[in-house]
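Student: Here it is: the structure, laid out below.
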Amino acid sequence: MPSLQQAAQALGWHGHVVADVTVLGQQVSAVVGLRSDVHRWRVENGWPPEPNPSWFRSWFEPSYYDQIPVPAVDLIGVLVTESKAGRALRSCGTLMTLAPCAVVLPAAQTSDPWPLAELDYYGIGVVATDIDREAVVSIRPEDRSSEFGGSLFGRWLLELLYHRVVTEVLAAPR
């Protein structure tokens, strides 16, 4: 199976891979881009990441906050690791409302063309390993998030991912 970084590179998703994120009951990985200018502003103005969902809900109480911080990350895409293409639609179905979603498979699936046709129809991408153990994109994911609009959950997820980037990527020794 290709690594998550290899899958992201094959898809042309340039950013930080944040692994093992629980989203809507699914264990996924997210590829995020840090908005350096916004991150710098948030640090300077005392607005750290707020991954706590209860605090986030209070942003929508006008009596508590008249402003919310601008998201400091962009969600480039979601990667879901599966063993078979037939499981991918269930795994990616809701996630495709947030960003492009791609399933990462251990090898190209050729025995049954139906799961791939269905994934293509819904805009879910497929990345698998070829004979040389390289990550190969079988189906390019589509960004259908604009069809669904923003949501409170999506905005909270950006905050959670921002927290993970700050604590895991930016804090890592170089």
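Student: Solvent-accessible area per residue for the chain at a 1.4 Å probe radius, Å²? Mind dumping the intermediate values first?
Tutor: On the way: 9450 Å² over 174 residues.
Value for the chain: 54 Å² per residue.
Student: Per the helix-only calculation at 222 nm, which mean residue ellipticity applies to the chain, given -39500 (n - 2.57) for every DSSP H run of n ≥ 4 and division by its residues, nearest 500 deg cm²/dmol?
Tutor: Calculated from helices alone, the mean residue ellipticity at 222 nm is -8500 deg cm²/dmol.
Student: Once you've got the GNM for the chain with C-alpha springs shorter than 10 Å, pick whichever of 127, 103, 43 has the biggest mean-square fluctuation.
Tutor: 43
Student: Right, something else. Work out from phi, with θ = phi - 60° and the Karplus expression 6.51 cos²θ - 1.76 cosθ + 1.60, the ³J(HN,Hα) of each residue of the stretch 5-17, listed in order in whole Hz, and give x for Gly and Pro.
Tutor: Along the stretch 5-17, the couplings run 5, 4, 4, 4, 5, 4, 7, x, 8, 9, x, 8, 8 Hz.
Student: With a 10 Å cut-off between alpha carbons and a GNM built on the chain, which of 22, 81, 94 moves the most?
Tutor: Judging by the Gaussian network model, the answer is 22.
Student: At a Förster distance of 30 Å, what's the computed FRET efficiency of residue 142 paired with residue 167, Cβ-Cβ distance as r, to 0.05? Don't skip to the end; give the middle numbers.
Tutor: Working: r = 31 Å, r/R0 = 1.04.
That pair, residue 142 with residue 167, gives E of 0.45.
Student: Over 5 Å intervals from 0, what percent of Cα-Cα pairs in the stretch 4-169 sits in each interval?
Tutor: Bin by bin from 0 Å, the calculated values are 1, 9, 17, 20, 18, 13, 9, 6, 4, 2, 1, 0.
Student: Please report the carbon-and-sulfur percent of the accessible area for the chain; probe 1.4 Å, protein heavy atoms only, DNA, RNA and ligands left out.
Tutor: On the way: 4930 of 9450 Å².
Answer for the chain is 52 percent, counting heavy atoms of protein chains only.
Student: Which one, 97, 15, 167, projects farthest toward the positive side of the charge dipole computed for the chain from Cβ point charges (K/R +1, D/E -1)?
Tutor: Going by the Cα projections, it comes out as 167.
Student: Looking only at 91, 29, 138, which one moves most when the chain is put into a Gaussian network model with springs between Cα atoms under 10 Å?
Tutor: 138
Student: Share of antiparallel DSSP beta bridges in the chain, in percent to the nearest 5? Don't skip to the end; give the middle numbers.
Tutor: Working: 16 of 23 bridges.
Percentage antiparallel, nearest 5: 70.
Student: Also: If I stretch the segment between residue 134 and residue 94 completely, what's the gain in nm (0.36 nm per residue apart, minus their alpha carbon distance), one decimal?
Tutor: On the way: separation 40, 0.36 × 40 = 14.40 nm, distance 2.82 nm.
Net length gain for the segment: 11.6 nm.
Student: Taking 22 Å as R0, compute the FRET efficiency from the Cβ-Cβ separation of residue 20 and residue 122 and round it to 0.05. Write down the numbers at each step before the final one.
Tutor: Values: r = 24 Å, r/R0 = 1.11.
Calculated transfer efficiency: 0.35.
The values are calculated or read from the model by the stated rules, or taken from the named source; none is laboratory data. Computed from a predicted model, the values in this text were never measured in an experiment. Glycine gets a Cβ as well: all are built from the backbone with ideal geometry, and neighbour counts include every protein chain shown. We work out accessible area using only protein heavy atoms, side chains counted, and drop any ligands, DNA or RNA first. Shrake-Rupley method; radii C 1.70, N 1.55, O 1.52, S 1.80 Å.
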